[in-house]
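The values are calculated or read from the model by the stated rules, or taken from the named source; none is laboratory data. Keep in mind the model is a prediction, meaning the values are calculated, not measured. Reconstructed Cβ throughout: ideal geometry from the backbone, glycine too, with neighbour counts over all protein chains shown. Only protein heavy atoms, including side chains, enter the accessible area calculation; ligands, DNA and RNA are left aside. Shrake-Rupley method; radii C 1.70, N 1.55, O 1.52, S 1.80 Å.
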Amino acid sequence: MYMAYGWPQVIPLESGLCPASEQIIYLKVINGLLLVVAPSHLELWSSSKHKVRLGKYKRDSDLIQREGENLQAVWSPDAKLIAVLTSSFYLHILKVQFTEKRIQIGGKQPSGLFLATISLLLSEQVPFASKDLAMSNIVCDNKHMLVGLSDGSLYNISWKGEFCGAVELDFRPHDGNEATKLSLSLDNSLASGVAQGVFTSGHYLSQRSAVIQLEFSFPLRLLFVLFSDGQLVSCSVSKKGLKQADSIKAENKLGFGDAVCASVASEQQILAVGTRRGVVELYDLTESALLIRSVSLYDWGYSMDDTGAVSCIAWTPDNSAFAVGWKLRGLSVWSVSGCRLMSTIRQIGLSSVSSPVVKPNQDCKYEPLMGGTSIMQWDEYGYRLYAVEEGSSERILAFSFGKCCLNRGVSGTTYVRQVIYGEDRLLVVQSEETDELKILHLNLPVSYISQNWPVLHVAASKDGMYLAVSGLHGLILYDIRMKKWRVFGDITQEQKIQCKGLLWLGKIVIVCNYIDASNTYELLFYPRYHLDQSSLICRKPLLAKPMVMDVYQDYILVTYRPFDVHIFHVKLCGELTPSSTPDLQLSTVRELSIMTAKSHPAAMRFIPDQLPREDNSRNQISSSSDMLAREPSRCLILRANGDLSLLDLDDGRERELTDSVELFWVTCGQSEDKTNLIEEVSWLDYGHRGMQVWYPSPGVDPFKQEDFLQLDPELEFDREVYPLGLLPNAGVVVGVSQRMSFSACTEFPCFEPSPQAQTILHCLLRHLLQRDKSEEALRLAQLSAEKPHFSHCMEWLLFTVFDAEISRQNANKNQISVPKHSTNSSLLEKTCDLIRNFPEYFDVVVSVARKTDGRHWANLFSAAGRSTELFEECFQRRWYRTAACYILVIAKLEGPAVSQYCALRLLQATLDESLYELAGELVRFLMRSGREYESAATDSDKLSPRFLGYLLFPSSYRRQSFDSKSTSFKEQSAHVASVKNILESHASYLMSGKELSKLVAFVKGTQFDLVEYLQRERYGCARLENFASGLELIGQKLQMGTLQSRLDAEFLLAHMCSVKFKEWIVVLATLLRRSEVLFDLFRHDMRLWKAYGITLQSHPAFAEYHDLLEALEEKLSSSVSLEGK
């Protein structure tokens, strides 16, 4: 899979002679060369490590005036000829030739790049010039090319410049036998509601629409014709290609009549169709062109108004992902399963209302392709995506991509080490040091990659501590622990190796080598401690090019086309050390030749027999008979079309398991580590359904399938995260998603792959509990107890089990109920018993209650324990926030009286602990509970989500104020009076101790009526003995140097002013240096002013207020003089 990294590169282009219509009309990469065609000139660039312009062809203004601007172009598959059609209907055929002038890039080694010349071979006006028809793009094979015309016909031209005439498409229904001749086996019947039918009428498309795009797949012998009215038609082509254009026959109508572009993935046999709605639809060409799925940015908050229609689609070279460009804004890259891998459009998250929709006046220079995407092209390795902005002709943007190491083809890897590899680097997920996952950029040694660019194969050892990397030639090894590279000492040996695949066999790296001279393949076995011909342990010739390979312990699987499976046993004699000379022998133990019409395998992996862990620990390499007993008898097959099946190697029977799978990981028998949390799992697979976990199961069905949906909002994995592998000791799946970082000094953002972790612990625990393996489940949970995601896993486990229990009861509500304890403990009870072993139990239970309907709480707490007992346990452990969450559950299950008693106890405890926000929520619950006592049984259910929500989180709604005049206090019910007494008692405690900051927090949290309290306690606990001691004490308590203390003092001063409490006003205004308040007070009471001044001057501790005193004296004296006048 593909992830973008780094900053986009800019390839500058020359300005043309037609600025009014200047835009790139054609972009193509073949054999490491990038061809760019503009209206007035052509440019040829290298698409290798160094982006260098190798040649150009410019037309002069006279020729452009006479023959028109370049309008359409196509490059021959051998990259030797270029055909261009001009706006005045001239055909130009140009030839590309390379000179002997080598380009020097820098460094000791030559670059291998040569200058090219582009010369005109032929210039002739096309026969249909007089008809003044519009032309579509051009498609071609080695001999001929086709262009679509606005009269609905296709025109055939040879690469020799021969005009072969127009082709009228045959839309009449034809014999079904003709369709069976196609290599694609198209079905000419309406298979289902989503199947797209074929032409059933001879006058379908009777009004000729203009052809606006052609898409040709020579391997599939299919031509797709797109008309201006949005109709898309697939046509069969003869085996001779476009040469026999008259044999092109219309087969199927695809889409819903709003198509604007199309692109075919020949290997996957999938057609991607872009629509006017901004949506891309994927069709399976092997199943009567069934609609598989649609992808769009709708779920990310962007509609067609933001992006416009789809303008172009480009598949990656391996057909595993495709890029989508929109007419008005940006591009995105998607996997076949619908995971969004990359997007240039800025947003915050999936389905986020805060996703920034760009406004016309908003500065968006940091977003690439802000004006839309006109054309895209991947390089031949998939490391670069070239894109041109709509209406731009000055530059091409090149986005760098890395590929994920997937278990595909000849190269094998381990799920323990997650690696993304770019053209010259590795991006390794680091997870050993901390729980946080990070990406490490590992640049390959320049001495190797400069000569062997790009990286082609990467394989990690079984323990993930060693990486084997190969480019065009040779290979290098990396020790992750020592952070050192190991290379061939002899460069001539390195250049003799053309690696086509890498595998690890313990401490041995296996290289699938292609021998150019004899066109044969072989396996080379090198020890990881030394890369040299002298250390080569074994050389094994292969019968043909291997299609798929795998290794398990001492067994190697090699599969040839069409489907011949060979299994070798490896016997190593001697120690694998530099001082010894080990000998490795390969013996064939099994050969199968399977006849099948299915898609060819993309990956095959041994499935070891899952033995108990203690048996595995004894299975060390001892004897050949012991090895033979442990030979894997089954393997998983992932086919190119996504089908996953299980092959029995004993009898050759193949059992289909599921479809639409992109990748899978075999986990059983892969680790002897006692902390491995996924040993119970057989394998996991990933596709458009999300992740699927497979478990072994005794009986008729040897495997059970357990789903956890990728798109579930409770799981972190979403359609932006693509899974890379597993961390077995943490029980998590590691995925990667795209992030963008912005900088003011760069024009474009930096694309950063961001690793994400998603636990599967709850799936594993549920599986064990379902099989009555409670002790194993407890051990597994204990191994994970210290992980940061443990509490979430337990909550998700209980929720899924409880939700399934509710669904089962609803399904059986019309059936005769079974006595509750007539069978063994239910899965819900087993789950509660498991979680009860951990301190997170109380939080988990009440959190699950918060997520479910109150009508089902009785079922939950019958298994989890009485709500009052759980509350009491939390209360005794001083877990007051958790205890508060149980209050409403108690009200529902035990009645309002019990809940009010518990709430009053908890209120007093929270006040003692200064948890005033929580106390305020309890006060509001108690006041409401008093008013709604009679209807508590019904209304508590309605209030449950809200109450539990604001007990756990800060409340955002309007707080109620409880004063002596309110209705609730007038009623003076018993528990309301108790609440008032508790609050007043605590306020008196705080006021007596002059704990003013706590008093302010208390008033704000509980909405306590401080004004009424101060009026009543003016001569009580709120009284200040004298000004000097009060100023000194309150100054110490409030610490006016901090902002919060000043805000608290302002709050108190406002309340004291409202009750005209002079002693407090003078003290607080002095601390706050509020001279205007003091002036207003003293000018009406000069006696108080004199006493104030004497006190401040007579105490040395108050020297800091002398400047305040002088300012007040100046104000008062000026005020007196004004009054005297």
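With ALA262, ALA272, ALA245 as the choices, which residue is of a type in the set (Gly, Ala, Ser) and assigned to a helix (DSSP H, G or I)? Steps first, answer last, please.
On the way: ALA262 fails: assigned to a helix (DSSP H, G or I); ALA272 fails: assigned to a helix (DSSP H, G or I).
That would be ALA245, the only listed residue that is of a type in the set (Gly, Ala, Ser) and assigned to a helix (DSSP H, G or I).
Okay, residues lined up against (1) part of a loop (DSSP other than H, G, I, E, B); (2) modelled with pLDDT under 95; (3) open to solvent by less than 10 Å² (accessible area, probe 1.4 Å); (4) farther than 24 Å from ARG590 by Cα:
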| position | (1), (2), (3), (4) |
| --- | --- |
| ASN513 | no, no, yes, no |
| SER534 | no, yes, no, yes |
| LYS571 | no, yes, no, no |
| THR577 | yes, yes, no, yes |
Within the bounds of the range 1064-1077, is there any residue that is of a type in the set (Ser, Thr, Tyr) and touching a Leu at 6+ places or on another chain (Cβ under 7 Å)?
-> yes
Flag for ILE607 being among the aliphatic types (A, V, I, L, M), at pLDDT 85 or above and more than 30 Å from ARG779 (Cβ to Cβ) = no
So, in the range 15-48, of the ones that are in a loop (DSSP other than H, G, I, E, B), open to solvent by 40 Å² or more (accessible area, probe 1.4 Å) and over 16 Å from LEU115 (Cα atoms), which residue ends up modelled with the lowest pLDDT?
-> ALA20
Filtered residue count, the range 1021-1066, keeping only those that are within 16 Å of GLY993 (Cα to Cα), of a type in the set (Gly, Ala, Ser) and without any contact (Cβ under 8 Å) to a residue 40 or more places away in the chain | 3
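Being touching a residue at least 24 places away in the same chain (Cβ under 8 Å) and open to solvent by less than 10 Å² (accessible area, probe 1.4 Å) is true for just one of PRO454, PRO445. Which residue is that?
Details: PRO445 fails: open to solvent by less than 10 Å² (accessible area, probe 1.4 Å).
Answer to the selection: PRO454.
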Tell me, please, whether a residue that is in a strand (DSSP E or B), modelled with pLDDT of 95 or more and closer than 30 Å to ILE637 by Cβ can be found in the range 384-395.
-> no
Which one is farthest from the chain's Cα centre (by Cα), of the residues in the range 737-770 that are outside any helix (DSSP H, G or I), under 20 Å from SER791 (Cβ atoms) and of a type in the set (A, V, I, L, M)?
-> ILE760
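Consider the range 579-590. How many of its residues are assigned to a strand (DSSP E or B) and surrounded by fewer than 17 Cβ atoms within 10 Å (Cβ to Cβ)?
Of the residues in the range 579-590, the ones assigned to a strand (DSSP E or B) are 583-590.
From what is left, the residues that are surrounded by fewer than 17 Cβ atoms within 10 Å (Cβ to Cβ) are 583, 585-590.
Of the residues in the range 579-590, 7 are assigned to a strand (DSSP E or B) and surrounded by fewer than 17 Cβ atoms within 10 Å (Cβ to Cβ).
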What single numbered condition from (1) within 30 Å of ARG855 (Cα to Cα); (2) at pLDDT 85 or above; (3) not hydroxyl-bearing (Ser, Thr, Tyr) fails to hold for GLN756?
-> (1)
Taking the range 268-291 as the region of interest, how many residues are under 26 Å from SER228 (Cβ atoms) and open to solvent by 40 Å² or more (accessible area, probe 1.4 Å)?
-> 4
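What about GLN1015, is it exposed (fewer than 15 other Cβ atoms within 10 Å of the Cβ), part of a helix (DSSP H, G or I) and either under 49 Å from the mean Cα position of the chain (by Cα) or not assigned by the TED database to the domain that holds GLY920 (or both)?
Details: exposed (fewer than 15 other Cβ atoms within 10 Å of the Cβ): yes; part of a helix (DSSP H, G or I): yes; either under 49 Å from the mean Cα position of the chain (by Cα) or not assigned by the TED database to the domain that holds GLY920 (or both): no.
It is false that GLN1015 is exposed (fewer than 15 other Cβ atoms within 10 Å of the Cβ), part of a helix (DSSP H, G or I) and either under 49 Å from the mean Cα position of the chain (by Cα) or not assigned by the TED database to the domain that holds GLY920 (or both).
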Among the residues of the range 195-218, is any in contact with a Leu (Cβ under 8 Å, 6 or more places away or on another chain), open to solvent by 60 Å² or more (accessible area, probe 1.4 Å) and at pLDDT below 50?
-> no
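Rundown of residues vs (1) buried (at least 22 other Cβ atoms within 10 Å of the Cβ); (2) within 26 Å of TYR686 (Cβ to Cβ); (3) modelled with pLDDT of 95 or more, yes/no style:
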| residue | (1), (2), (3) |
| --- | --- |
| TRP300 | no, yes, no |
| ASP306 | no, no, no |
| ALA309 | no, no, yes |
| ASP318 | no, yes, no |
| ALA323 | yes, yes, yes |
| GLY330 | yes, no, no |
| GLN362 | no, no, no |
Residues of the range 1066-1125 satisfying the condition of being closer than 18 Å to GLN1036 by Cα, of a type in the set (A, V, I, L, M, F, W, C) and open to solvent by less than 30 Å² (accessible area, probe 1.4 Å) | VAL1066, VAL1067, LEU1068, ALA1069, LEU1071, LEU1072, LEU1096, PHE1102
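Confirm whether PHE751 is closer than 16 Å to ARG836 by Cα and either open to solvent by less than 20 Å² (accessible area, probe 1.4 Å) or in contact with a helix residue (DSSP H, G or I) (Cβ under 9 Å, 6 or more places away or on another chain) (or both).
On the way: closer than 16 Å to ARG836 by Cα: no; either open to solvent by less than 20 Å² (accessible area, probe 1.4 Å) or in contact with a helix residue (DSSP H, G or I) (Cβ under 9 Å, 6 or more places away or on another chain) (or both): yes.
So PHE751 does not fit the description; no.
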When you look at LYS462, is it assigned to a loop (DSSP other than H, G, I, E, B), open to solvent by 40 Å² or more (accessible area, probe 1.4 Å) and under 17 Å from ARG408 (Cα atoms), yes or no?
-> yes
Mind checking which residues of the range 771-801 are open to solvent by 30 Å² or more (accessible area, probe 1.4 Å), assigned to a helix (DSSP H, G or I) and closer than 25 Å to LYS438 by Cα?
-> LEU783, SER791, HIS792
Say whether the condition of being open to solvent by 50 Å² or more (accessible area, probe 1.4 Å) and either in contact with a Cys (Cβ under 8 Å, 6 or more places away or on another chain) or more than 30 Å from TYR560 (Cβ to Cβ) (or both) is met by at least one residue in the range 421-429.
-> yes
Looking only at the range 837-852, count how many residues are touching a residue at least 12 places away in the same chain (Cβ under 8 Å) and outside any helix (DSSP H, G or I).
-> 5
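Please go through the range 315-330 and pick out each residue that is assigned to a strand (DSSP E or B) and under 19 Å from VAL29 (Cα atoms).
TRP315, ALA321, PHE322, ALA323, VAL324, GLY325
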